[in-house]
Ligand code: SF4
Ligand code: SF4
């Protein structure tokens, strides 16, 4: 990630407090090869789990620290599940998505420039 773009995410975090984050149970650290802390996940179906807090009326992932729109970090960054790795995957190189701006608008944050 380039430094300027990384800073955008570190000063945003809106996607971690806007959308449900669901992933396959095989990503849990309780499973062979998994890494996502099971203690931060709730079971959704027989095969799917979600990050705690992301399905609340006012969603906010339990692993998100800091204040959205100011300064945030992910407490399980290296162990985050695949949807987190895939969402805004190019934000680090300054390429943002409509979904970024949908999340940001939920928090009253201005849109980022799109391609
Ligand atoms: S909404 Fe986009 S810019 Fe904001 S933290 Fe998520 S990926 Fe980064
Ligand atoms: S695990 Fe980290 S990157 Fe994923 S939603 Fe939670 S705070 Fe955001």
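Every number here is computed from the coordinates shown, using simple stated rules; none is lab data. Model, not experiment: these values are computed from the prediction. No Cβ is skipped: glycine too gets one built from the backbone with ideal geometry, and neighbour counts run over all protein chains shown.
Numerical summary
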quantity: Helix-only mean residue ellipticity at 222 nm for the chain, each DSSP H run of n ≥ 4 adding -39500 (n - 2.57), per residue, nearest 500; calculated: -5000 deg cm²/dmol
quantity: Alpha carbon centroid spacing (whole Å) that separates segment 16-69 from segment 74-110; calculated: 15 Å
quantity: Calculated Rg and Dmax of segment 3-106 using C-alpha coordinates, Å; calculated: 13.4, 41
quantity: DSSP beta bridges in the chain [antiparallel fraction, %, rounded to 5]; calculated: 90 percent
quantity: Relative contact order of segment 12-54, defined on C-alpha pairs under 8 angstrom at six or more residues apart (%); calculated: 39 percent
quantity: Order by protection proxy (mean Cβ within 10 Å, highest first), peptides 7-17, 52-62; calculated: 7-17, 52-62
